[in-house]
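Visitor: If you scroll down you'll find the structure; I have some questions about it.
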Amino acid sequence: MKIPGYFITLILAMVFSSIRAQDVIVRALLDTNKALIGDQIKLRLLVESSKNWQVDFPELQDSLTRDIEIISKTQPDTATGMEGRQVISQDLLIAVFDTGFFEIPALTFSVRTTELSDTLSTLPVGFEILSVKADSTIRDIKAIYYVPVSLRELAPYIIGLIILGLLAWFLVYYVKHRKTSIIRRSFAAAHSSEPPEVIALRDLEKLKQEKPWLDNRVKYYYSRISEILRTYIESRYSTLALEQTTDEILWSLKPPVCDAKNMNKLSSILRLSDLVKFAKVVPDVEESAVQVDVAVEFVRNTSVTENETVAENEHEQVMVQNNSSS
């Protein structure tokens with residue numbers, strides 16, 4: 001019987017392909033064949049071939065079988081083995097959450113050259129998962145162990161308590177000092193032998209005679225005007241004007257306590273004084289000369305009558321007695 005030539009050619013090609021495929025070896029290796037339930041086992045996929053072969057590893061997702069889960073996997077890594085052959089490896093961490101015997105199925109690799117292509121599979125690999133032995137020994141309950149507290153652990157709390165104590169002391173001191181200051185000044189105003197406007201007008205007249213704005217003592221001049229007016233306001237309206245800012249004074253004297261016209265006079269003097277003292281503004285001589293006259297006019301316009309003075313003194317004496325008793 002005569003065999004067709006193309007059939008012979010086909011058989012020879014298959015045999016040659018099978019022989020060439022033997023040049024590639026694929027293996028699946030486990031680092032152990034026994035493990036406890038939940039333990040991670042390393043599975044290494046290994047391909048050994050000559051360098052003219054290109055290898056495609058199997059595409060694996062998150063599990064090998066229903067029971068074998070893939071925890072993580074590395075990228076294939078190529079190295080050179082004996083006789084110049086290439087060795088490609090990939091490591092997988094697998095875990096099984098059940099007991100018994102399990103088998104890693106055959107994994108298929110695609111191999112090819114410029115002339116040939118083929119598929120090779122690893123042999124199945126079996127392993128056993130053992131259960132964790134329960135410890136049935138009955139033991140006494142251990143007593144509570146008290147860990148001593150170190151100074152380093154207590155340091156933040158100690159520092160915090162010190163800071164809180166200082167803040168509390170400062171608050172008490174401030175309130176007490178402020179209350180004492182109000183009582184002292186109210187008592188001094190109630191027992192003063194001269195009305196506050198008399199003292200203020202006398203000091204302003206003395207300052208006017210000195211004319212310090214002509215001797216380059218502009219800062220002293222405006223500081224003195226501000227001090228005289230604040231002292232007058234403190235006695236006249238029973239407020240801590242010497243300890244208040246300009247805005248706080250103007251707010252405490254806003255109508256109906258003081259009318260708008262006199263408020264404008266006071267505001268212009270105090271704000272100009274602040275600019276000279278803090279912003280180093282130097283007004284011209286004419287502007288400085290009129291400030292003392294404006295201050296005199298403010299004091300005269302806001303001074304109390306005799307009846308108002310008697311009523312205010314009686315009111316201040318009552319306030320002093322109440323504060324002293326409290």
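Visitor: Hey, any idea what Rg/Rh is for region 102-164, computing Rh the Kirkwood way over Cα pairs?
Guide: Rg divided by Rh gives 1.60.
Visitor: Restricting things to alpha carbons, tell me how big region 5-130 is in terms of Rg and Dmax, in Å.
Guide: When restricted to Cα atoms, region 5-130 yields Rg and Dmax of 17.3, 60 Å.
Visitor: Another one. Using modelled amide H (1.01 Å from N, peptide plane; none on Pro or chain starts), what sits under 5 Å from the amide H of VAL281, excluding residues fewer than 5 places away?
Guide: Amide H neighbours of VAL281, under 5 Å, 5+ apart: VAL276.
Visitor: Restricting the count to DSSP beta bridges whose residues both fall in region 5-130, what percent are antiparallel, rounded to a multiple of 5?
Guide: 95 percent
Visitor: If you don't mind, another one. Output wanted: per-residue J couplings in Hz (rounded whole) for region 203-220, from phi through Karplus 6.51 cos²θ - 1.76 cosθ + 1.60, θ = phi - 60°, x for Gly and Pro.
Guide: 5, 5, 5, 5, 5, 5, 5, 5, 6, x, 5, 8, 10, 6, 10, 5, 5, 4
Visitor: Here's a follow-up. Taking N as the number of residues in region 57-146, what value does Rg over Cα atoms divided by 2.2 N^0.38 Å take?
Guide: On the way: Rg = 21.5 Å, N = 90, 2.2 N^0.38 = 12.2 Å.
In units of the 2.2 N^0.38 Å rule of thumb, it is 1.77.
Visitor: Pairs LYS211/LYS265; LYS34/LYS133; LYS211/LYS277; LYS208/LYS254; LYS219/LYS261; LYS219/LYS254: which are spaced more than 24 Å apart, C-alpha to C-alpha?
Guide: LYS208/LYS254; LYS219/LYS261; LYS219/LYS254
Computed from the coordinates by the stated procedures, all read-outs in this text should not be read as laboratory data. Note that the structure is a prediction, hence the values are computed from the model and not measured.
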